[in-house]
Structure formats: C-alpha cells, structure tokens
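Since every read-out is calculated from the coordinates, none of them should be taken as a lab result. Computed from a predicted structure; not experimentally measured. All Cβ positions, glycine included, derive from the backbone under ideal geometry; neighbour counts span all protein chains shown.
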Amino acid sequence: MDFGRVDPALLDEIDFKLPAEPALNKTVLKGTPLKKPHVYLGCAKWGRREWVGKIYPKGTRESDWPDEYMHHYNSIELNATHYRIYGADVLEKWDARAKGKHFKFCPKVPQSISHYSTLINAADQTTAFLEGILAFKDHLGPIFLQLSDRFSPNRRDNLFKYLESLPTDLQFFLEVRNPDWFSDQNVRNELFNTLHRLKVGAVITDTAGRRDCAHMYMPIAKAFIRYVGNGAHPTDYTRIDDWVNRIHYWLLHGLKELYFFMHDQANSPELTVYVADKIKQVCGIELPRPRFVSQQNTLF
C-alpha cells in the first residue's frame, strides 16, 4: 500500500505516537478481559515474489502461494476482491485451501462500489459481491469498505444510507481517507457515533504521511488495523511496540477480536514476526508466526 508513504529521510522527524483513547472507546470497551479473544495476524495478499526463498520454499509456484501463506498466518486482508467481483465457484476453491485451519478471509469491497459509484446505486453489485464471499462460510472474517480520498463528508448521507442497507448478520468495517472526516470534530463524532449505532467497525490505518487515519476510534469491541511499514526502518519497530501496548490495554478492557494486517511489501515477514513475538510477550497470546526457509530447513 503506497497510501501515506513519505521520503524515508523524513521518517525520523515524524511523531508516530498513537493518539489518546477517544471518549467513545470508554463506552464500548468497558468489559473484562476475555479468556480467549480472537486475534488474527496477516498481510494484504498471498505474497510477493520476494517471499519465495524467504518464507516460501525456493521454486514455489504462484498457484501454490495460498497454501504456503496459510502455514504462516491465520488471516488475510483480501485485496483481490477489490478489483473484481468473484463468483462463489472461485471463492469455494480458496476456502477449500483453509479446510481444517482457524483462518479468516477479510474481503475488501470491490472498487466498482467503493470508488466508482455514489453508493446509492450499488445494490445489485453489492448483492453479487456478498453472494460470492459467502462461499467462505466459517472462514469469512469482517468485510471492509474503503472509500476513496475524494469521498468527503459532503456525501455522508449516501454513505450512511448504504451502511444501513447492509445485512446485519455480517461484520463490516469502514475506512475513510478524505481529511475532512477527521479535521472537523462534529463531522468526526457524527461518523463514529453512526458506526457505533449501526455496529460497523472503523478501520485504523497507521501510515507515516497520514497520521489522522490512525484515529483510534472503536465504534465496536473489535479492531481492524492496517499497518504500513517503511522497509523495516527502526521506527517500524518502535511503532509496533506502541501498538502492542495499546492492544494490550484494549484486551484488558474487553476487546473481542483483533485483525492486524501488515503492509510492507518485501519486509512484511520480518515485521510480522516482530508483531507476533511482542503480542506473546506483552499480551500472553501466541499467534502463528512466519518461519523463514533457513529455519524450516533446520527442522529436518
């Protein structure tokens, strides 16, 4: 994900500290720790060619990337669905690869709906999309709707009506990017209070050049975090430390589900290993963690 990336020379000048907890969170996260909260860690796609020889065995064909990916992660932010509407026949085959695994697919709403429609005339496309992803059955995680940078609060009536039309037996998360959603406190409060009322989650995107998108609002007791790394720069690790401390706080106050997705292209395996190790250390929760080919070879 290139959204919010900056010149690496500027990274040391950015204040990456996460914002304080919004007041809304205290009305949502007011429980006690769950014995077994659901925590998921993954990436945006099955992988990149740079992962072959790193966490995928040398010579792994692209068609086998999904199987290899599921050895290392327990979820995927499924960006593939953003570019086309897949029928159930295709997605059933992807679901079959996860058989017997505690794995979640988190499909992204197609851009034909999220970016190229007004959200008012999108009912037929939405129905076709949802009919397809239901093929994931128990492996279906939250569905996330990412609006374009151009979708401003001027069109919030369209957005709220669309969200109200969505089926309530599926979990949806919303990501907004236009700065006007965050710059005006009244607009911001209206957005997150509406999501709270509709039981729709808010995607939190942590990227260097758009600190407003790391808003920390929790309309529901579930979190969906998109973390944009910077090539394993030292600040990537201190940022993860900050995130794990915040996640620990949320877990202590009743967070039910967490989805943490790494966006760092070639370096995602290294950074997700660090995330998994820190969550185990701080939160006491053990997650699947990528094993590098050199480590796999030592097992034999």
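Here are some notes:
- Here region 13-57 is the region considered, the condition is being buried (at least 20 other Cβ atoms within 10 Å of the Cβ) and among the hydroxyl-bearing types (Ser, Thr, Tyr), and the residue that is nearest to the chain's Cα centre (by Cα) is TYR40.
- Hits in region 228-245 - residues which are touching a residue at least 40 places away in the same chain (Cβ under 8 Å) and under 16 Å from the mean Cα position of the chain (by Cα): VAL228, GLY229, TRP243
- Summed over region 141-174, the residues that are out of contact with any Lys or Arg (no Cβ under 8 Å at 6 or more places or on another chain) and either part of a helix (DSSP H, G or I) or more than 22 Å from ALA221 (Cα to Cα) (or both) give a count of 15.
- Helices (runs of 4 or more DSSP H) contained in region 223-300 and holding at least 3 residues surrounded by fewer than 21 Cβ atoms within 10 Å (Cβ to Cβ) and of a type in the set (S, T, N, Q): 234-252, 293-297
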